[in-house]
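The values are calculated or read from the model by the stated rules, or taken from the named source; none is laboratory data. Just so we're clear, the structure is a prediction, and the values are computed from it rather than from any experiment. Here the Cβ positions follow ideal geometry from the backbone for every residue, glycine too, while neighbour counts run over all protein chains shown. For accessibility, only protein heavy atoms count, side chains too; no ligands or nucleic acids. Shrake-Rupley method; radii C 1.70, N 1.55, O 1.52, S 1.80 Å.
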Amino acid sequence: ATHYVSGTRLATSGRLTLGGRELAVQGTSWFDHEWGSNQLTPGQIGWDWFSIHFDDGTELMLYQMRLRDGGTDAQSSGTFIAADGTTRHLRRNDYRLTPRHWWKSPRTGKYFVTRWQLTLPGRAGTESFEVTTPVADQEMPRADLTDVPPGYWEGAIDIVRTAGGAPATRGVGYSEHMPYRR
């Protein structure tokens, strides 16, 4: 069993020391916490997880659990959060994640997806988005954890609506992925 909680638009402020200079910083943070008895079932091989803030005030969290047979676990899901805070649960069949670009780690030789096509239902029909990363090498070789295999990708992402004729919706977020077999 796994449990999950998010605080998606937390006011954040603090001080950052960079190059010997202390700077005041402020912005918006996304807090996630997951806890449970096991990370993967015997039939699962990894996951792809996304948390996104869109510039129109909406938010999206979704994940897919990948299966050893190449499929996606039916329990994969997500939550769309409207600008007014109302939520809509997304079932596995409500969205599609398609890998578009692979990055191979020079340290571990493992493959990670660094560009995705995301398709999901929107207010005016199906919307399509391109998810990219500003930095491909965000691998975290987590050899210190016994329940997470080495070669774990976790980092910053950008997202842009790529179809639909509406004005572009942009966003930023955070993503984590287990490696793919290629």
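Residue count for the stretch 56-104, restricted to those that are surrounded by 15 or more Cβ atoms within 10 Å (Cβ to Cβ) and part of a loop (DSSP other than H, G, I, E, B): 4. In the stretch 149-163, is there at least one residue being modelled with pLDDT under 90, in contact with a strand residue (DSSP E or B) (Cβ under 9 Å, 6 or more places away or on another chain) and among the basic types (Lys, Arg)? Within the stretch 149-163, one or more residues are modelled with pLDDT under 90, in contact with a strand residue (DSSP E or B) (Cβ under 9 Å, 6 or more places away or on another chain) and among the basic types (Lys, Arg).
Residues checked against (1) touching a helix residue (DSSP H, G or I) at 6+ places or on another chain (Cβ under 8 Å); (2) closer than 21 Å to Gln117 by Cα; (3) at pLDDT below 90:
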{"position": "Thr8", "(1), (2), (3)": "no, no, yes"}
{"position": "Ala11", "(1), (2), (3)": "no, no, no"}
{"position": "Gly19", "(1), (2), (3)": "no, no, no"}
{"position": "Gln26", "(1), (2), (3)": "no, no, no"}
{"position": "Phe31", "(1), (2), (3)": "no, no, yes"}
{"position": "Thr41", "(1), (2), (3)": "no, no, yes"}
{"position": "Leu60", "(1), (2), (3)": "no, yes, no"}
{"position": "Ser77", "(1), (2), (3)": "yes, yes, no"}
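In the set Arg107, Arg88, Arg68, only one residue is in contact with a Pro (Cβ under 7 Å, 6 or more places away or on another chain), farther than 19 Å from Asp158 by Cβ, without any contact (Cβ under 8 Å) to a residue 60 or more places away in the chain and not acidic (Asp, Glu); that residue is Arg107. Within the stretch 33-45, the set of residues being part of a loop (DSSP other than H, G, I, E, B) and open to solvent by 50 Å² or more (accessible area, probe 1.4 Å) comprises Ser37, Asn38, Gln39, Thr41, Pro42.
Out of the residues in the stretch 123-148 meeting the condition of being among the acidic types (Asp, Glu) and not in a loop (DSSP other than H, G, I, E, B), tell me which one is modelled with the lowest pLDDT.
Glu127
Of the listed requirements (1) touching a Phe, Trp or Tyr at 6+ places or on another chain (Cβ under 7 Å); (2) open to solvent by 90 Å² or more (accessible area, probe 1.4 Å), Trp30 misses just one: (2). Here the stretch 46-55 is the region considered, the condition is being part of a strand (DSSP E or B) and out of contact with any Pro (no Cβ under 8 Å at 6 or more places or on another chain), and the residue that is farthest from His177 (Cα to Cα) is Phe54. Being touching a strand residue (DSSP E or B) at 6+ places or on another chain (Cβ under 9 Å), under 21 Å from Asp73 (Cα atoms) and modelled with pLDDT under 90 is not true of Trp49.
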